[in-house]
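Note sheet for the following structure.
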């Protein structure tokens, strides 16, 4: 049996999405900036897709800018606002558990003369809104905090963060790449000024993302070239990718509530089964406020990479954290920030469920995993002490 439980890394392309994309990969190949009929056809598809994604965010159509992915969207939001508001100040606030697309961007800006405050989280990966309030200064120009963590699934109180930022007149950006069309999200209700998205997390194509930018947000472009995307992001638009992005969002959003309930039930079955069958395990993250398809657990006396490779041989795909750092031997910065010891972090696994996950697959994982953990622990000198 093949079981893919790494949907937070990427999701398979929905065949209905591919079908929607195909015309723009073949006969409707025009450049959206061209004024002839081929270009106009591409432009129409681009703008229709923009309007569709904006509507799902509760946003105005012209506020959505398409990018080459979520990382680019994060970079455009953070660098664009930082560079565009330097006269007001150079202080940025983020958290210690952000995706590296945010963390590394903030760290790079710190080397360019900006000052960055990295807010701590508690043992469940939660951030105290009072810590955010206290961190804001007169020279704070940007707050960038994720909607939900890609490793633990812990959901941040986005609306509360947005209200705090609005009260203090500070631009607020959120990385919503793991939450779009999975849990409720509205830029007006949550008072968000900038919001990053990625298509391949929601069964769309890789290499396309988007950034919502509230009208009136002062920022400068990161790339320079043509005048595409309202001069926010130059370069010929990936029309087929954008069409696929919009179709994927439409399909997933339509099933959001029902799918969330289904995934949460399967996730809980997996978690409870692991707890019952395997000793010396712990749940990482908030047990209540978390994404329905995310489960992060640590297996003491077992090394994460060995677990992943052993499960892979059994046809099961999981990860030890963010796909962007899967080649690193360093423990998860997210788990370390939560105060989890290094040796426990090294034995952590992330199970991320998706549309194709079934009850039979969960039962198969629960059949295989105890045997795999037991075999690896038998080789560990720590387990014998």
Tell me yes or no: at least one residue of region 80-88 is closer than 17 Å to residue 245 by Cα and either crowded, with 20+ Cβ neighbours inside 10 Å or within 18 Å of the chain's Cα centre (by Cα) (or both). no
Can you tell me which residue in region 256-268 is farthest from the chain's Cα centre (by Cα), limited to those that are free of Cβ contacts under 8 Å to residues at least 60 places away in the same chain and surrounded by 16 or more Cβ atoms within 10 Å (Cβ to Cβ)? 262
What about residue 172, is it in contact with a strand residue (DSSP E or B) (Cβ under 7 Å, 6 or more places away or on another chain) and assigned to a loop (DSSP other than H, G, I, E, B)? no
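Conditions tested, residue by residue: (1) exposed (fewer than 15 other Cβ atoms within 10 Å of the Cβ); (2) within 19 Å of residue 156 (Cα to Cα).
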{"position": "92", "(1), (2)": "no, yes"}
{"position": "97", "(1), (2)": "no, yes"}
{"position": "106", "(1), (2)": "no, no"}
{"position": "109", "(1), (2)": "no, no"}
{"position": "113", "(1), (2)": "yes, no"}
{"position": "118", "(1), (2)": "no, yes"}
{"position": "123", "(1), (2)": "yes, yes"}
{"position": "127", "(1), (2)": "no, yes"}
Residue hits (region 142-159; surrounded by fewer than 22 Cβ atoms within 10 Å (Cβ to Cβ) and more than 21 Å from residue 338 (Cα to Cα)) are 159
Filtering region 27-51 for residues that are in a helix (DSSP H, G or I) and buried (at least 19 other Cβ atoms within 10 Å of the Cβ) leaves a count of 6
When you scan region 139-150, do you find a residue that is in a loop (DSSP other than H, G, I, E, B), more than 22 Å from residue 289 (Cβ to Cβ) and in the same structural domain as residue 49 (by TED's automatic domain parsing), even just one? yes
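For region 188-213, which positions are part of a loop (DSSP other than H, G, I, E, B) and either crowded, with 24+ Cβ neighbours inside 10 Å or not assigned by TED's automatic domain parsing to the domain that holds residue 66 (or both)?
Hits for region 188-213 are 192, 193, 199, 203, 204, 208.
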Mind listing whichever residues of region 1-26 are closer than 30 Å to residue 349 by Cβ, touching a helix residue (DSSP H, G or I) at 6+ places or on another chain (Cβ under 9 Å) and exposed (fewer than 14 other Cβ atoms within 10 Å of the Cβ)? 1, 2
Return the only residue of 121, 102, 65 being assigned to a helix (DSSP H, G or I), in the same structural domain as residue 218 (by TED's automatic domain parsing) and modelled with pLDDT of 95 or more. 102
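So that you can scan it fast, the table gives a plain yes or no per residue for (1) farther than 20 Å from residue 192 by Cβ; (2) touching a residue at least 12 places away in the same chain (Cβ under 8 Å); (3) touching a strand residue (DSSP E or B) at 6+ places or on another chain (Cβ under 7 Å):
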position: 69; (1), (2), (3): no, yes, yes
position: 91; (1), (2), (3): no, yes, yes
position: 104; (1), (2), (3): yes, no, no
position: 114; (1), (2), (3): yes, yes, yes
position: 127; (1), (2), (3): no, yes, yes
position: 135; (1), (2), (3): no, yes, yes
position: 142; (1), (2), (3): no, yes, yes
position: 160; (1), (2), (3): no, yes, no
From the residues in region 214-255 that are assigned to a helix (DSSP H, G or I) and either without any contact (Cβ under 8 Å) to a residue 60 or more places away in the chain or surrounded by fewer than 18 Cβ atoms within 10 Å (Cβ to Cβ) (or both), which one is nearest to the chain's Cα centre (by Cα)? 254
Every residue from region 353-385 that is in contact with a helix residue (DSSP H, G or I) (Cβ under 9 Å, 6 or more places away or on another chain), farther than 17 Å from residue 279 by Cα and either modelled with pLDDT under 95 or not in a helix (DSSP H, G or I) (or both): 353, 354, 355, 357, 358
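The values are calculated or read from the model by the stated rules, or taken from the named source; none is laboratory data. Small disclaimer: the values here were computed from a predicted structure and weren't measured. Using ideal geometry, Cβ is built from the backbone for each residue, glycine included, and neighbour counts are taken over all protein chains shown.
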